[in-house]
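The values are calculated or read from the model by the stated rules, or taken from the named source; none is laboratory data. It should be emphasised that the depicted structure is a prediction, and the values quoted were computed from it without experimental measurement. So basically every Cβ, Gly included, is an ideal-geometry build from the backbone, and we count neighbours across all protein chains shown. Each accessible area value is taken on the protein alone, full model and side chains, heavy atoms only, with ligands, DNA and RNA left out. Shrake-Rupley method; radii C 1.70, N 1.55, O 1.52, S 1.80 Å.
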Amino acid sequence: MKEPQGLTEQERQTYQWQMWVDDFGEAGQQRLKSASVMISRVGGVGSVVAYELAAAGVGKMVLAHAGNVKPSDLNRQLLMTHDWIGKPRIESIRRRLLDLNPRLELVTVGENVSEVNAAGLASQADLIVDCAPLFPERFAMNRQAVEQGIPLVECAMYELEAQITTIVPGQTGCLACLYPEAPPSWTRQFPVFGAVSGTVACLAAMEAIKVIAGIGETLQNRLLKMDLRDMRFHSLKFSPRADCGVCGSINS
């Protein structure tokens with residue numbers, strides 16, 4: 001991460017209320033301004049993560065999302081709009097984020113994460129938030145986070161359930177410790193309410209802010225699971241697996 005950058009008077013006015021948080025202050029805001037966050041998929045979860053981080057004053061984002069806006073996106077992908085149906089999602093994402101925060105530096109890629117582009121995308125970031133729905137994308141980003149030593153906030157949801165953890169290479173287990181292989185039943189299309197994806201997205205944005213600013217206690221070595229059908233939340237501890245094919249060598 002770059003050295004913390006000073007704030008302009010406009011930035012002090014914009015972020016004044018969050019700088020009142022005792023252990024955050026202006027120093028924390030400067031860290032956000034200096035940080036680069038990569039978000040994998042800027043859809044139901046990732047769009048809310050990106051919007052919250054743009055509102056919080058993160059200085060740079062690297063965003064990867066393919067395809068054109070469809071009507072079925074609009075119940076949850078809050079950076080997409082009805083007038084943009086049929087046009088590239090990544091352009092709607094850029095437009096909406098800059099409307100909120102014109103100071104934001106954006107690198108936008110109209111592709112989903114793959115083994116081909118994951119290394120280059122990750123290398124531009126101080127922290128990664130993985131919001132991809134498919135395990136090949138998640139595994140590719142997890143591997144690059146571990147290999148490049150980049151903290152990773154990993155979040156996912158299904159129906160009324162969601163889960164989130166924070167991975168710090170060399171200190172925690174990784175996604176492959178939790179899921180050595182992709183669950184065979186996982187499919188591209190699944191039931192989703194936007195309020196569920198938005199809930200886990202807000203938690204992911206807060207985890208990213210905490211990691212960057214060095215405040216609070218993150219979800220390192222803990223998997224937070226939630227079922228919003230009956231509002232049950234529980235935290236499961238997990239440790240690095242010595243036989244993990246991704247992080248086993250650096251955690252041994």
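A few notes on this one:
- Listed by chain and number, the aspartates and glutamates placed with their C-alpha closer than 13 angstrom to that of Lys33 are Glu3, Glu11, Glu105, Asp126; residues fewer than eight positions away on the same chain are left out.
- In units of the rule-of-thumb radius 2.2 N^0.38 Å, the chain shows an alpha carbon radius of gyration of 0.97.
- ³J(HN,Hα), Karplus 6.51/-1.76/1.60, whole Hz, each residue of region 40-49, x for Gly, Pro: 8, 6, 10, x, x, 7, x, 5, 6, 4
- Net charge of neighbours whose Cβ lies under 13 Å from the Cβ of Phe139, counting Lys and Arg as +1 and Asp and Glu as -1: -4
- Protection proxy ranking of 155-163, 89-97, 7-15 - average other beta-carbon atoms within 10 Å, highest first: 89-97, 155-163, 7-15
- Rounded to whole Hz, the Karplus (6.51, -1.76, 1.60) HN-Hα couplings of region 93-103, x for glycine and proline: 4, 4, 4, 5, 5, 6, 4, 6, 9, x, 7
- Sorted largest first by accessible area at a 1.4 angstrom probe radius, with every protein chain in place, the residues His65, His234, His82 fall in the order His82, His234, His65.
- Region 165-176 - phi-based ³J(HN,Hα) in whole Hz, Karplus 6.51/-1.76/1.60, Gly and Pro as x: 8, 10, 9, 10, x, x, 10, 9, x, 10, 4, 6
- Within the straight-line cut-off of under 30 Å between alpha carbons, the lysines reachable from Lys237 are Lys210, Lys225, sequence neighbours fewer than 8 places apart in one chain being disregarded.
- Annotation: Tyr51 carries an accessible surface of approximately 90 Å², with a 1.4 Å probe and no ligand, DNA or RNA atoms counted.
- In the chain, helices alone account for a calculated mean residue ellipticity at 222 nm of -10000 deg cm²/dmol, with every DSSP H run of four or more residues adding -39,500 (n - 2.57).
- Placing unit charges on the Cβ atoms of the charged side chains and taking the dipole of the chain about its Cα centre, the candidate lying farthest along the positive direction among Thr199, His234, Leu79 is Leu79.
- Ignoring lysines fewer than eight residues from Lys70 along the same chain, the ones with Cα atoms less than 29 angstrom from its Cα are Lys60, Lys87.
- Proximal charge balance of Gln148 [Cβ under 14 Å; K/R count +1, D/E count -1]: -2
- Put simply, the amide H of Ala35, placed in the peptide plane, has neighbours under 5 Å in Gly59, Lys60, leaving out anything fewer than 5 places away on its chain.
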